[in-house]
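Colleague: Quick one: structure below, then a few questions.
Here, each number is a calculation from the coordinates, and none is a lab measurement. These numbers come from a predicted model, not from an experiment. Every residue, glycine as well, gets a Cβ built from its backbone with ideal geometry; the counts of neighbours run over all protein chains shown.
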Amino acid sequence: MIRLNNVSKIVRSGSEELTILHPLYLSIPVGQFVAVVGPSGSGKSTLLSLVAGLDYPTTGDIRLAGEYITLMKEDELARLRGAKVGFIFQSFHLIPSLTAYENILVPMEIRKVPKARERAQALLDEVGLHERGHHYPSQLSGGEQQRVAIARAFSNEPAILLADEPTGNLDSKNGAHIFDLLIKLNREHATTLLLVTHDHVLADQADRVISLNEGRIVEDRETRRAGEWESGRTAFCPPLSHSPTLPLSEEEEVA
Ligand SMILES: Nc1ncnc2c1ncn2[C@@H]1O[C@H](COP(=O)(O)OP(=O)(O)OP(=O)(O)O)[C@@H](O)[C@H]1O
Ligand SMILES: [Mg+2]
């Protein structure tokens, strides 16, 4: 569960104040696949960075899996991120001097994940790169590099996966493939997926689409795909009873 309560982001440059995100309220149940759309500069990446705890909001609080990340110190936050959150950046962020396999393996070794070698190979297989583990990022196509980045983001089986335009640099075929992979992982692992995309056709495959404009949520709708939850998942969460753009009631707060 992700909850944002009265979250805003204001930055100061000199004497000027710029509101990047106006106060917003958002509640995302476990396992939901949410697409975030909106024009360039509308605040999508800012929203994702706040949810990832990579940036602090100016007002409000954010809860991930029941924990108030806005109250945490940097080391506590790093622990929570390592345990629960995966982040896929638009531009892969792979380490060029490590092979595909090592890019997945090394972060797990740092976290002392048991059986890290077997797991790294299994993840490579899962993203369809069985034969390419020994290749360096420069020897892989954009779509293949993005698949390595997805495998790495999945290496800690995150409860929450945040993806900022993961298909933005790819052609439509590769983009669709990455998207299918994210949907598969979301469904099989009941991972909560928050994905920024400019592609409305892809966004409509999510359970829910949130549209941002000038730092405000201007639309928040469930797609037809959302109905598939009941038949396809064990970790089904009922639809929200309140409008997610309104403050949460006391009762919902404690839930
Ligand atoms: N640290 C900062 N200082 C000043 N302005 C900032 C800062 N961070 C973001 N902004 C501004 O806030 C607005 C929202 O930025 P953000 O990166 O969240 O947009 P976005 O919706 O992700 O856009 P894009 O689709 O182009 O990636 C932009 O106008 C951006 O220039
Ligand atoms: Mg962005």
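Colleague: Output the direction-averaged projected area (hull surface divided by four) of the convex hull of the alpha-carbon atoms of the range 87-235, in nm².
Modeller: Quarter of the Cα hull surface area: 9.8 nm².
Colleague: Can you quote the Å³ per residue value for the convex hull of the Cα atoms in the range 1-152, rounded to an integer?
Modeller: Dividing the Cα hull volume of the range 1-152 by its residues yields 154 Å³.
Colleague: Also, quick follow-up: Classify the range 45-115 from the C-alpha gyration tensor, please: rounded if a/c falls under 1.5, else prolate or oblate depending on whether a/b exceeds b/c.
Modeller: In terms of gyration-tensor shape, oblate.
Colleague: Let me ask something additional. For a quick check: sort Arg119, Arg208, Arg111 by the number of other beta carbons within 10 angstrom, fewest at the front. It would help to have the intermediate numbers written out before the result.
Modeller: On the way: Arg119 19, Arg208 22, Arg111 12.
By the 10 Å Cβ count, ascending: Arg111, Arg119, Arg208.
Colleague: Among Ala159, Ala176, Ala206, which one moves the most in a GNM of the chain with springs linking Cα atoms closer than 10 Å?
Modeller: Residue with maximal mean-square fluctuation among Ala159, Ala176, Ala206: Ala176.
Colleague: Let me ask something else about it. Two decimals, Cα atoms only, Kirkwood Rh: what is Rg/Rh over the chain?
Modeller: 0.96
Colleague: At 222 nm, what helix-only mean residue ellipticity would the chain give, in deg cm²/dmol to the nearest 500, using -39500 (n - 2.57) for each DSSP H run of four or more? Before the final figure, lay out the partial values.
Modeller: Details: 9 runs with 86 residues, N = 255.
Per the formula, -9500 deg cm²/dmol.
Colleague: Using only the Cα atoms of the range 1-86, build the gyration tensor, take square roots of its eigenvalues as a ≥ b ≥ c, and label the shape rounded, prolate or oblate: rounded if a/c is under 1.5, else prolate if a/b is larger than b/c, else oblate.
Modeller: The shape class here is oblate.
Colleague: A further question on this structure: Check cross-link reach from Lys112 to the aspartates and glutamates: straight Cα distance under 16 Å, and skip same-chain residues fewer than eight apart.
Modeller: Glu102, Glu157
Colleague: Pop out the Kirkwood hydrodynamic radius of the range 152-220 from its pairwise C-alpha distances, inverse of mean 1/r, in Å to one decimal.
Modeller: 12.9
Colleague: List the lysines whose Cα sits under 29 Å from the Cα of Lys9, skipping any in the same chain fewer than 8 residues away.
Modeller: Once the sequence-local lysines are set aside, what remains near Lys9 is Lys44, Lys73, Lys84.
Colleague: Still on this model: Over the range 1-130, what is the mean sequence separation of C-alpha contacts under 8 Å (at least six apart), divided by residue count, expressed as relative contact order in percent?
Modeller: On the way: 135 pairs, mean separation 27.0, N = 130.
The value is 21 percent.
Colleague: If you rank Leu123, Leu80 by fewest surrounding Cβ atoms within 10 Å, what's the result?
Modeller: Leu80, Leu123
Colleague: Let me make sure I get this right: for the range 100-175, a, b and c are the square roots of the gyration tensor eigenvalues over alpha carbons, sorted descending. Under 1.5 in a/c it's rounded, otherwise prolate if a/b > b/c, else oblate. Which is it?
Modeller: It is oblate, given that a/c is not under 1.5 and a/b is not larger than b/c.
Colleague: Determine the percent antiparallel among the DSSP beta bridges restricted to the chain, to the nearest 5.
Modeller: 55
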